[in-house]
1. Would you please give the residues with an amide H less than 5 Å from that of Asp83, counting only those at least 5 places away or on a separate chain, with H modeled from the backbone geometry?
2. Mind grabbing the accessible area of Lys81 for me, 1.4 Å probe, Å², rounded to tens?
3. Given a Förster distance of 45 Å, report the FRET efficiency between Glu175 and Thr84 from their Cβ-Cβ distance, rounded to the nearest 0.05.
4. Across region 4-21, in residue order, what do the Karplus-derived ³J(HN,Hα) couplings come to in whole Hz, using 6.51 cos²θ - 1.76 cosθ + 1.60 with θ = phi - 60° and x for Gly and Pro?
5. Give the whole-number value, in cubic angstrom per residue, of the convex hull volume spanned by the C-alpha atoms of region 1-69.
6. Please give the contour-minus-distance gain from Thr19 to Leu53: 0.36 nm per residue of separation, less the Cα-Cα distance, rounded to one decimal in nm.
7. What accessible surface, in Å², does a 1.4 Å probe find on Glu155, ignoring ligands, DNA and RNA and rounding to the nearest 10?
8. Taking R0 as 22 Å, what's the FRET efficiency between Asp166 and Leu198 from their Cβ-Cβ distance, rounded to 0.05?
Amino acid sequence: MYTLLVNHDHSVIATNKTTIMQRSKLVDTIQILVPKIYDDIDMTGAVVRLEYLTPGNTYRFQLLTLNNSGYKNDYLQYLIKGDTDITAEAGDLNCRLSFYLLEQVDGKEILQRVRETLNFKIPITPASAWSMQIPDDVLDPLSQLILAQMAVNKETEALARQLYDDGAKDIQIDEISNKIKLLARSGQIGEGLDVDTLARKIADIILAPDLDGTEDGVTYLDEIPASADAANLDELLKK
């Protein structure tokens, strides 16, 4: 993590340097550490503004949000995600910080405190030479296309995982509910089939009247009455 420390003399130095690549987005973090107390003034409630000039001389600023008011007990910690506003151009960002405090004295007077730092630089490392030769109007759509394809791949992967988890893999008899249940990796599928209902259906089929009129479980085809509907043997056997 690229770390900047604000000193008592208002200078800002890099205590830990990491490479921040040009055109990177939300992968590099800049950490700013400020002593909580400056000349007996508690800086915790200060509004902090970062101003910077890009290598192309474009002016930008942003208000910083306090991330940790007790970093290593004595410091205020601010974190800046390296978005494309910061990383768009290779070279040095020329920066400075401003701190604004309002303090009421004796319940009446309002003191306006402003602390400015000296200028400091944050280097942005250029991308490889070949990509620098690609015009932005080509590179940006290409990046969008890659990101869109990555999103489609993620969605397809999630759908495949869902189908895998929800696909039937086993059956079991739930002795508590007395139902036959179909199981997937993610759990039960459907409401299940009542065992007693299934047993009655099977019994109805097994105990159906014999076509030859003798209920002994055996059907003698030559004893089937001529009046029987099954005139076609093939159709009869299908039943």
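The values are calculated or read from the model by the stated rules, or taken from the named source; none is laboratory data. Since we're looking at a predicted model, the values are computed, not measured. Reconstructed Cβ throughout: ideal geometry from the backbone, glycine too, with neighbour counts over all protein chains shown. To get the accessible areas, we keep the full protein, side chains included, count just its heavy atoms, and leave off ligands, DNA and RNA. Shrake-Rupley method; radii C 1.70, N 1.55, O 1.52, S 1.80 Å.
1. Leu26
2. 110
3. Details: r = 61 Å, r/R0 = 1.35.
Calculated value: 0.15.
4. Per residue, the Karplus-derived 3J(HN,Hα) values read 10, 10, 8, 8, 5, 8, 6, 7, 10, 10, 8, 8, 8, 10, 10, 7, 9, 7 Hz.
5. On the way: hull volume 8.0 nm³, N = 69.
Per-residue hull volume (Cα only) is 116 Å³.
6. Details: separation 34, 0.36 × 34 = 12.24 nm, distance 1.89 nm.
Computed gain between Thr19 and Leu53 is 10.3 nm.
7. Only protein atoms counted, so the area is about 130 Å².
8. Numbers: r = 24 Å, r/R0 = 1.09.
Efficiency for this residue pair is about 0.35.
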